[in-house]
Amino acid sequence: MSVHPATVTVELPNRSYNIEIAHHCLKDLGSKLVETGLGKKSNKVLVVSNPVIYKYYGETVNASLSDAGFSSTSLILPAGERFKTANSLQKIYDAALNHRLERSSLIVALGGGVIGDMSGYAAATWLRGIDLIQVPTTLLAMVDSAIGGKTGINHPHGKNLIGAFHQPRLVWVDPEVLKTLPAREFRSAMAEVIKYGVIWDRDLFELLANCDRLDQLRYVKPDLLQSILYRCAKAKAEIVSKDEKEGNLRAILNYGHTVGHAIESVTNYRLYNHGEAVGLGMVIAGAIAVDLGLWTQQDQDQQMLLITKARLPQTLPSGIDLDAIAASLSTDKKVEAGKVRFILPTAIGSAELSDRVTTELVKQNLRKIVT
């Protein structure tokens, strides 16, 4: 069936940009850049990707850039959260230097969240800032990390502690690339999709609730996938437009991430991928919200039903260091005046920041899901 393209605009005071969602659009990236005047003063483009994505889509992207008159070079970095480091960032800087990128040059992030975050931080800091084009190739990046301008790398003692806000000039989404996405990556990204339903978009939550399974692309029809991509992009665009630098409202996008990041860090980014950890964080945050009387057990049960449909993990292995998880919370970026501020749901479709969550309350709920 034919699915119509969709455009979402992130409205910002200084530099608004579009998220374009269209099937088979990857081959048109170069002509789109010319059409919008991006990179017109310098024809140099650095494409940053990982080996698997580049094997599938590198040729298409480079041919598109070349046909449009750009001089592109590519840098292939290892895949995985544990490579989101200063060492990888240095390799991007080296490639930028070797290709003589100028202030009017472009960096194209072709990949998932790790590639997007590192490329974005490199773009934010190379020559004090050059233009970034996000070409997300994972569901998680399409609905979340490629939008909104958060960039960064991990510190050995915490996730995303080093970073900058640097908005892309364009987010170019081709849902066709999801056909090569591993099932685990698709499944885990559903945590971020469910997140938007819980914190912002009740209609999206209902759409997901009407699906039998959310764990594989083949169970999500093209029109539903387009709705998911559009509604998530629209939700994030609305939130970022209201609060670009996370002064207050934007923090709700971190729902599930506070405990999720701690779990990732304590397990050295090897046991769970990002979406799976966020899903576990949502389980804990939802349970804490019930304990504090912010939402009902029925709300939590509805959230758990979607997490189950996405086949996301809901338990932690015995022997995991809960004290280390609790200690890791203290390095979270949302700590203010020594208190960890949690994002907690108040109803399906709304959430708030809270500093009422004690370490003991977190550990009490973590203990409930240890097998």
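Every number here is computed from the coordinates shown, using simple stated rules; none is lab data. This one's a predicted model, so the numbers in the text were calculated from it and none came from an experiment. Cβ coordinates were reconstructed from backbone atoms using ideal geometry, including for glycine residues, and neighbour counts include every protein chain displayed.
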Expressed to one decimal in nm², the mean projection of the alpha carbon convex hull of the range 282-336 is 5.1 nm²
One would report the antiparallel percent of DSSP beta bridges in the chain, rounded to the nearest 5, as 45 percent
If the chain between Asp355 and Lys41 were fully extended at 0.36 nm per residue, the gain over the current Cα-Cα distance would be 108.2 nm
If every Lys and Arg gets +1 and every Asp and Glu gets -1 at its Cβ, then about the Cα centre the chain yields a dipole, in debye to the nearest 20, of 640 debye
Residue span Ala86 to His24: 0.36 nm per residue of separation minus Cα-Cα distance leaves a gain in nm of 18.9 nm
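Can you say what percent of the DSSP beta bridges in the range 6-180, counting only those with both residues inside, are antiparallel? Round to 5.
Numbers: 10 of 32 bridges.
Around 30 percent antiparallel, to the nearest 5.
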Semi-axes (Å, rounded, descending) of the ellipsoid equivalent to the range 41-174 per its C-alpha gyration tensor are 21, 16, 14
Across Pro182, Pro13, Pro345, the residue with the highest GNM fluctuation in the chain (Cα network, 10 Å cutoff) is Pro13
Square roots of five times the C-alpha gyration tensor eigenvalues of the range 183-368, ordered largest first and given in whole Å, equal 25, 19, 15
Rounded to the nearest 5, the percent of antiparallel DSSP beta bridges in the range 83-208 equals 40 percent
Checking rank on 224-235, 19-30, with mean other Cβ inside 10 Å and highest first, the result is 224-235, 19-30
Simple spin-label estimate for Ser16/Glu102, 7 Å along Cα→Cβ, in nm, reads 3.0 nm
For the chain, the charge dipole (Cβ of Lys, Arg +1; Cβ of Asp, Glu -1; about the Cα centre) points to a positive end, and the Cα of Val357, Asn50, Cys232 closest to that extreme belongs to Asn50
At the level of C-alpha centres, the distance separating the range 57-71 and the range 185-251, in angstrom, is 31 Å
If every Lys and Arg gets +1 and every Asp and Glu gets -1 at its Cβ, then about the Cα centre the range 25-175 yields a dipole, in debye to the nearest 20, of 360 debye
For the chain, shape from the Cα gyration tensor axes a ≥ b ≥ c, cut at a/c of 1.5 then a/b versus b/c, turns out prolate
